[in-house]
Every structure is written in structure tokens, then in C-alpha cells.
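Just below is one structure, and these are the notes that go with it.
Rule-based calculations on the coordinates, nothing more; no lab input. This is a predicted model, so every value here is computed, not measured. Glycine gets a Cβ as well: all are built from the backbone with ideal geometry, and neighbour counts include every protein chain shown.
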Amino acid sequence: MRIVCPFCGERELGEFTYLGDAKPVRPTADAGEDAVHDYVYLRDNVAGVMSENWYHGGGCRAWLKVTRNTLTHEIAAVEPAAGAGAAKVGA
Amino acid sequence: MAEFSWDVRSPLDRALAVGRYGGHGDAGVALTEIRNFDLIQVMARRGKAAEMAKAAEGRFGVAAPETPKVVQTADATLIWSGPDQFLVRSKGDKHGMAALAPLLAGSASLSDQSHARVLVSVSGAKARTMLAKLSSIDLHPGVFAVGAAAATSMDHTSVTLWRGNDRADGQAVFNVLVFATFAESLWHTMQDSAAEYGVAIGHSEEF
């Protein structure tokens, strides 16, 4: 599997580290115990297209949001995660 | 009281033995450690990338690289190292911390890496063949031209790789910048990879 880093270009998998599902959003401080429990522990076991966080630690050290099909490994989109290379986000 | 020696030594001091090793005939690869350079890491502060770019252009007369490449000025090399960041390599303190901080500190975080990195220049007729064992970057001249750069990994070690100006004999020169504490390990790997082609080992302060 190869990932096309928006900053570096196409690179081998070994340069990247997988973090996990990019969907969960940290609940607000007053959201309650159930919301925090869901955020910390509950993950969907997606068979299909999924949004994931990857780290290009062996390259430009940017965090990336990768849209990947977990069945075929097809990658539909790679974009910088919020805060990574701020100049490029939304450019 | 104990006597201390504060001599500045290369991290490759123990590993690097000048000479000609490996396969017979002309050395196919030259491995040259470049010593005594100034290196400053410049990283834009949040939301200030444009401001940093403007300040850098004011200082160097050319725009700092915003894509993986190096920009050569009369007395400095600006090396892309990631989004909104670059390294400034120079010598003789021309673009050291004291010179850059007043201009760039408002828009960027600066960090002196002069003694934190090791720079190895790889050249010779077999340089690409040897590097192909270590790197997954396509170094074909049509893809990786003079001035191209990459933040990548070699032998599980993060490196900044770029192609400098060709040697006088037309051979390509690849520069590998590696963290000082990983340098000895990578050096041995590079030397072993080059041995079958014949390798000329040396060091220099010229760049």
C-alpha cells in the first residue's frame, strides 16, 4: 500500500503510522460520562470506506486524514489534518 | 579535578576511516562527510507561514522552498524539511542563529541544529544504484533533478535527502542529512551498501 502525502508525494507504507478513526470528536467538558465513554472506547469496525488519521513520521511529520476502503485498500483522498501545514489547509 | 576536552568532533569520528575500500577498479561511490556547517531549523508559528515566507525572502533575496526542493543562494542553502518549515545551511556564521533570529523570530520558531545533524554527500557512477538499496525515492535524473529534495527514511532512519549541484565531472551529488545520534548506524549501512562497487571514504569542509 502506498499513500500520496499532500506534501511529499507518493510514499511507501513504512513511512507512515496509523492512528485510527478520524471521525470521533472530543466531547465538550459538560457532555457527560456516556459521551466520553463513547469517544474513548467505542469504534465502528468499518468494512468499506473509512476516514482515518495517519502520521507521516518517516517523512515530513505531518498528520494526514486518509479516506481508505478497508476491504480493498483503495485510497480515495488524502488531505492534511487540521493544523498540519496550516498554509496548505483549505488552499 | 577531572580534565575535560571540549574539542568539537564529528559524530562520525569513530566510524569514518578515510581511504579506499571494497570492490576493485575505480571507486563506484564516494562517501564524503561534510563538516563544519551552520544549520538552522525554521518553522512557521501557527498562522504565520505567509509572514515567515516574506521575512525569509527579505533575508535571502529568494523565496524559501514551499515544496520538496532546495534553493541555493550565494552563501546559503535553503532546504525544505516539511510543510511550513525549512533548514538554512551556511558556513562561517553568516546565517547563524544570531543573524536570523531578529528577522524571523516573530513569525517562526528557530532551532540551531548545527551540531545535531550529520551531512553525508554521496556521489559516483554507482551512487544511484547504491542509494536504491536504502531509499524508496525514485532518484532517476528525469524525476529527481538538481535541486530536488525529500523528507524520507533510509534504513528506518529519518533523513533529509536532496540533490546538490553536479560534480565537476558531471556526476550527480546526493546529500543525506541525518540526526547525529543515528549517523553512525546509517553510515555503516551506507558504507556496506557501497562496498561492492568500491567506495572512496573521506570528509571535507567544502560545499
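For the peptide B:78-85, the mean number of other protein chain Cβ atoms found within 10 angstrom of a residue's Cβ is 5. Protection proxy ranking for B:30-39, B:136-145, using the average of other Cβ atoms within 10 Å per residue and placing the highest first: B:30-39, B:136-145. Each residue, B:Thr129 and A:Arg61, gets one label point 7 Å from its Cα in the Cβ direction; the gap between the two is 3.6 nm.
Straightening the chain between B:Glu206 and B:Val8 buys 69.5 nm, computed as 0.36 nm per residue apart minus the Cα-Cα spacing.
Relative protection proxy for B:175-181, A:45-51, from highest mean packing down: B:175-181, A:45-51 (other beta-carbon atoms within 10 angstrom). Estimated purely from DSSP H runs of n ≥ 4, each contributing -39500 (n - 2.57), the mean residue ellipticity at 222 nm for chain B is -6000 deg cm²/dmol once divided by its residues.
Among the cysteines of chain A, A:Cys60 have no other cysteine beta carbon within less than 4.7 Å of their own. Close amide H pairs (under 5 Å, H built 1.01 Å from N) link B:Ser81 with B:Phe86, B:Leu87, residues at least 5 positions away or on another chain. Around the Cα centre of chain B, unit charges on the Cβ atoms of Lys, Arg, Asp and Glu (plus for the first two, minus for the last two) sum to a dipole of about 440 debye. Averaged over the residues of peptide A:4-16, the number of Cβ atoms from other protein chains lying within 10 Å of each residue's Cβ is 4. Prolate is the label for segment B:44-173. Its Cα gyration tensor axes, ordered a ≥ b ≥ c, give a/c of at least 1.5 and a/b above b/c.
The calculated FRET efficiency for B:Ala105 paired with A:Ala29, based on their beta-carbon distance and R0 = 41 Å, is about 0.75. Between A:His73, A:His56, A:His37, the Gaussian network model of chain A with springs among Cα atoms under 10 angstrom shows the greatest mean-square fluctuation at A:His37. GNM remark for chain B: springs join alpha carbons under 10 Å apart, and the peak mean-square fluctuation among B:Trp80, B:Trp162, B:Trp187 falls on B:Trp187. For chain A, the square roots a ≥ b ≥ c of the C-alpha gyration tensor eigenvalues yield an a/c of 1.5 or more together with a/b not exceeding b/c, which makes the shape oblate.
Looking at the protein assembly as shown alone, DSSP beta bridges between its own residues are antiparallel in about 90 percent of cases.
Within the listed set B:Arg20, B:Arg89, B:Arg117, the Gaussian network model of chain B (springs between alpha-carbon atoms below 10 Å) gives the highest mean-square fluctuation for B:Arg20. For the protein assembly as shown, the tally of Lys pairs with Cα-Cα distances below 22 Å comes to 11, considering only residues 8 or more apart or on different chains. As a length-normalised measure over Cα pairs under 8 Å and 6 or more apart, the relative contact order of segment B:38-112 settles at 43 percent. Dipole of the protein assembly as shown computed with +1 at Lys/Arg Cβ and -1 at Asp/Glu Cβ about the Cα centre; of B:Val118, B:His95, B:Gly23, farthest Cα towards the positive end is B:His95.
Extent along the principal axes, Cα only, for segment B:65-119: 27, 26, 24 Å, with the longest axis given first. Mean separation of Cα pairs under 8 Å and 6 or more residues apart, divided by the residue count, gives chain A a relative contact order of 26 percent. How high is the relative contact order of chain B, in percent, with contacts defined as C-alpha pairs under 8 Å that are six or more residues apart? Result for chain B is 33 percent.
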